[in-house]
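For reference, the structure is listed below as structure tokens.
The values are calculated or read from the model by the stated rules, or taken from the named source; none is laboratory data. Nothing here was measured: the structure is a model prediction, and the numbers come from that model. Cβ atoms come from the backbone with ideal geometry, glycine included; neighbour counts cover every protein chain shown.
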Amino acid sequence: MKPLLNAQNLVKQFPVQAGPFEPRRILTAVAGIDLELYPGETLGLAGESGCGKSTVARLLTGLMPASSGSISFDGRELGSLDAPGLVRFRKEVQMIFQDPFSSLNPRMRVEEIIGEPLAIHGIGTPAERRDRVATLATRVGLSPDHLKRFPHEFSGGQRQRIGIARALAVSPRLIIADEPVSALDLSIQAQIINLLQDLKAELDLGFLFITHDLSVLRHLSDRVAIMYLGRIVETGSREAVLDRFLHPYTEVLLSAIPRIDGAKEHRVIARGELPSPLAPPSGCPFHTRCPYAQPVCASEPPPLEEKEPGHAAACHFSKDIYRSKR
Amino acid sequence: MAALLEITGLSTRFKLPGGELRAVEGVDLTLEPGETLALVGESGCGKSMTAASIMRLVPPPGRIVSGSIRFKGEDLLQLPEDQMRNVRGNRIAMVFQDPMTSLNPVFTIGNQIAEGLRLHRGLSKKLAEDEAVEMLSLVGIPAPRERLKDYPHQLSGGMRQRVMIAMALTCRPELVIADEPTTALDVTIQAQILELLDRLKEETGMGLILITHNLGIVAERAHRTAIMYAGEIVESAPTDELFGNPLHPYTRGLLASLPENAQPGERLATIAGSVPDLKMALAGCPFRERCPICEEVCATHHPGMKEAGPGHLVRCLMVP
């Protein structure tokens, strides 16, 4: 099967200058990552703040040009698309945002918000659009009388439903959702997760799901990629990465989650904090915090290589560390 | 042993154009020295307003309309303002959720930590500075003497939260109220901060009220847990008991809706609807419209707290 979305060696660098007389420096937000996403599949991208996961979302939606590397959608290279081709690409790739408060225009009514992508892409007559908007609203669990209202009249969960309906309006083939449930309350979060799950099954969409919450990640993803300082450090099927992890950072992330059963013995704590992406550590980017670091980790960057079929990790010592543990 | 904090019948309301909003309604809480009490609920349930009421920092147009807050036997609500100022930050301290907005951006952190010491303990500038260095190293900030001259924006989120905790602890308070202390932080840093709070609690014997919506943190850290809904405590019990034997339909719903309690890909249990309008007159049980087990009587009778087991209180008419 051909991948729906294929990104190769993607790099994004930002020039930063702390003040007018400070030197210009280069911040590497995404440092050469490969991603493939197949139709009907959900890929979960996880990592802590500042790891570059939201930059990846912007690059893949074409909202921001990559510094180098290639992105192709449905076999066509993004950089080679002409203007109409780009418009079509933007119709087929839609985004769901984290903050349901700032991602909806407060001056537009719900029906205008959901219908706007249809109008922009010139789909249907105004009457057909109205019908489509009504269908979408019902599908995401809004009632028809909600359509005349403004965003401020809704709770966070309801607003996220509006954002989801807007993303679905033009029948995209790929949805990129950047932390779609992390701003929501617990009981509402479950409602939205169920909605996303249903839509996924119903519409056969490709889904790129970006989150820092590994329990939500486990629940929604088929495949998982873990990012650290702009690199993918481990990727594979959900079970492989989350149950048989081969990278110490994945282990640290998983063990840092406070557990409902109150068990704390499992905890492996990372030392210190995320290094500045302006001055990334030499060798393995995680070696400054890694509980298992060896001298070689400070000099040799480990490649992301397949350790078992379909399961890759970027660590010199995966086998040594985790063979004894399992 | 006398309780460190004993709240009875606390109600805090806001006079708004559309009516009176019941932010906190008849809250009873007890905290022993050295104990961690978790206050859990969704946004708007009144957990932060309960904290603000304890500190007597309810923003207008809100006010405390009834109840008592006994801190070591003394009713804080009866204290004159100047004596209350001596309690605030000195004997009861708060750690807020967002360290970026709760620290003053135009003062160095050394200045901000020393402020409490000079104000409450009358230390000289020099002594206060030494004490501030000690506090910073206690909370695990490397090179604390140099950090004193830093402004909040020069520190990372985790470091700022450590500074907030250092500020809260400078005067060795007997009670710390931490309002979502790790919500703005990444999980690896969250684990470090929670370990730190636990360690400091052991060292100083202070009581801790931990306000959070993260049930995992509660399960790991709290001795006792109180679940709030629509301004009221609907269930409270020792934490193990609460997670092992949840009785209130809201508590059960919260626990069931966690992705951790479901198989991957499985539908999550949800609590239908959303939180009721707290400006409406209180008739019956505030949870009844979302409740899977409610009956007719719930619409007319407001449930009181009843004891369902040792130390296990629940506010539900349907629980025997």
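So here's what we get for this one:
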{"read-out": "Single unsatisfied condition, B:THR182 versus (1) farther than 27 Å from B:ILE64 by Cβ; (2) surrounded by fewer than 19 Cβ atoms within 10 Å (Cβ to Cβ); (3) β-branched (Val, Ile, Thr)", "value": "(2)"}
{"read-out": "Residues within the stretch B:226-256 that are more than 13 Å from chain A (Cβ to nearest Cβ), within 19 Å of B:GLY284 (Cβ to Cβ) and not aliphatic (A, V, I, L, M), tallied", "value": "4"}
{"read-out": "One residue from B:GLY18, B:GLY41 being under 25 Å from B:ILE189 (Cβ atoms) and either in contact with a Lys or Arg (Cβ under 7 Å, 6 or more places away or on another chain) or not polar (S, T, N, Q) (or both)", "value": "B:GLY41"}
{"read-out": "Hits in the stretch B:284-318 - residues which are in contact with a helix residue (DSSP H, G or I) (Cβ under 7 Å, 6 or more places away or on another chain) and within 30 Å of A:ARG161 (Cβ to Cβ)", "value": "B:GLY284, B:CYS285, B:PHE287, B:ARG288, B:CYS291, B:PRO292, B:ILE293, B:CYS294, B:CYS298, B:ALA299, B:CYS316"}
{"read-out": "Given (1) more than 9 Å from chain A (Cβ to nearest Cβ); (2) more than 22 Å from B:CYS285 (Cβ to Cβ); (3) surrounded by fewer than 22 Cβ atoms within 10 Å (Cβ to Cβ), number of the condition B:ASN261 does not satisfy", "value": "(1)"}
{"read-out": "Any chance B:GLN112 is in a helix (DSSP H, G or I) and in contact (Cβ under 8 Å) with a residue 60 or more places away in the chain", "value": "no"}
{"read-out": "Of all residues in the stretch A:142-162 being in contact with a Pro (Cβ under 6 Å, 6 or more places away or on another chain) and surrounded by 20 or more Cβ atoms within 10 Å (Cβ to Cβ), the one that is farthest from the other protein chains (Cβ to nearest Cβ)", "value": "A:PRO151"}
{"read-out": "Residue that is surrounded by the fewest Cβ atoms within 10 Å (Cβ to Cβ), among those in the stretch B:198-223 that are hydrophobic (A, V, I, L, M, F, W, C) and more than 13 Å from every other protein chain (Cβ to nearest Cβ)", "value": "B:LEU200"}
{"read-out": "Check on A:ARG259, surrounded by fewer than 19 Cβ atoms within 10 Å (Cβ to Cβ), under 25 Å from the mean Cα position of the chain (by Cα) and of a type in the set (Lys, Arg)", "value": "yes"}
{"read-out": "Complete set of residues in the stretch B:267-295 that are within 8 Å of another protein chain (Cβ to nearest Cβ), over 30 Å from B:LEU16 (Cα atoms) and not small (Gly, Ala, Ser)", "value": "B:ARG267, B:LEU268, B:THR270"}
{"read-out": "Residue tally, condition under 12 Å from A:LEU4 (Cα atoms) and modelled with pLDDT of 90 or more, over the stretch A:32-42", "value": "6"}
{"read-out": "Candidates B:THR183, B:THR188 - the one that is within 14 Å of chain A (Cβ to nearest Cβ), under 27 Å from B:SER257 (Cβ atoms) and in contact with a strand residue (DSSP E or B) (Cβ under 9 Å, 6 or more places away or on another chain)", "value": "B:THR183"}
{"read-out": "Count of the stretch B:130-146 residues which are in a helix (DSSP H, G or I) and out of contact with any helix residue (DSSP H, G or I) (no Cβ under 6 Å at 6 or more places or on another chain)", "value": "4"}
{"read-out": "Any hit, the stretch A:183-201, residues being more than 15 Å from B:ALA262 (Cα to Cα), touching a Lys or Arg at 6+ places or on another chain (Cβ under 8 Å), at pLDDT 90 or above and within 13 Å of chain B (Cβ to nearest Cβ)", "value": "no"}
{"read-out": "Output for the stretch A:168-208, where each listed residue is farther than 25 Å from B:SER43 by Cα and not aliphatic (A, V, I, L, M)", "value": "A:SER171, A:PRO172, A:ARG173, A:ASP198, A:LYS200, A:GLU202, A:ASP204, A:GLY206, A:PHE207"}
{"read-out": "Qualifying positions in the stretch A:286-312 - touching a helix residue (DSSP H, G or I) at 6+ places or on another chain (Cβ under 8 Å) and touching a residue at least 12 places away in the same chain (Cβ under 8 Å)", "value": "A:PHE286, A:ARG289, A:CYS290, A:PRO291, A:TYR292, A:LYS307, A:GLU308, A:GLY310, A:HIS311"}
{"read-out": "Selection within the stretch B:162-180 - closer than 21 Å to B:ALA3 by Cα and either within 14 Å of another protein chain (Cβ to nearest Cβ) or of a type outside the set (Asp, Glu) (or both)", "value": "B:LEU169, B:CYS171, B:ARG172, B:PRO173, B:LEU175, B:VAL176, B:ILE177, B:ALA178"}
{"read-out": "Answer residue from the stretch B:13-32, given it is crowded, with 18+ Cβ neighbours inside 10 Å and among the aliphatic types (A, V, I, L, M) and is farthest from B:LYS201 (Cα to Cα) among those", "value": "B:LEU21"}
{"read-out": "Filter pass, B:LEU10 being surrounded by 14 or more Cβ atoms within 10 Å (Cβ to Cβ) and touching a residue at least 40 places away in the same chain (Cβ under 8 Å)", "value": "yes"}
{"read-out": "Enumerated strands (runs of 3 or more DSSP E) restricted to the stretch B:33-101, each holding at least 1 residues that are exposed (fewer than 14 other Cβ atoms within 10 Å of the Cβ)", "value": "B:62-71"}
{"read-out": "Verdict on B:ALA299 being in a loop (DSSP other than H, G, I, E, B) and surrounded by fewer than 14 Cβ atoms within 10 Å (Cβ to Cβ)", "value": "no"}
{"read-out": "Qualifying residue in the stretch A:217-239 (condition: free of Cβ contacts under 8 Å to residues at least 12 places away in the same chain and more than 19 Å from the chain's Cα centre (by Cα))", "value": "no"}
{"read-out": "Enumerated helices (runs of 4 or more DSSP H) restricted to the stretch A:214-326, each holding at least 1 residues that are away from chain B (no Cβ under 12 Å) and modelled with pLDDT under 90", "value": "A:318-325"}
{"read-out": "Pairs where the first residue, in the stretch B:255-283, is not assigned by the TED database to the domain that holds B:SER43 and at pLDDT below 80 and the second is of a type in the set (S, T, N, Q) and surrounded by fewer than 15 Cβ atoms within 10 Å (Cβ to Cβ), C-beta under 6 Å, 6+ apart", "value": "none"}
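So that you can scan it fast, the table gives a plain yes or no per residue for (1) among the charged types (D, E, K, R); (2) over 28 Å from B:LEU258 (Cβ atoms):
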residue	(1), (2)
A:LEU246	no, no
A:VAL252	no, no
A:SER299	no, yes
A:PRO303	no, yes
A:GLU306	yes, yes
A:PHE317	no, yes
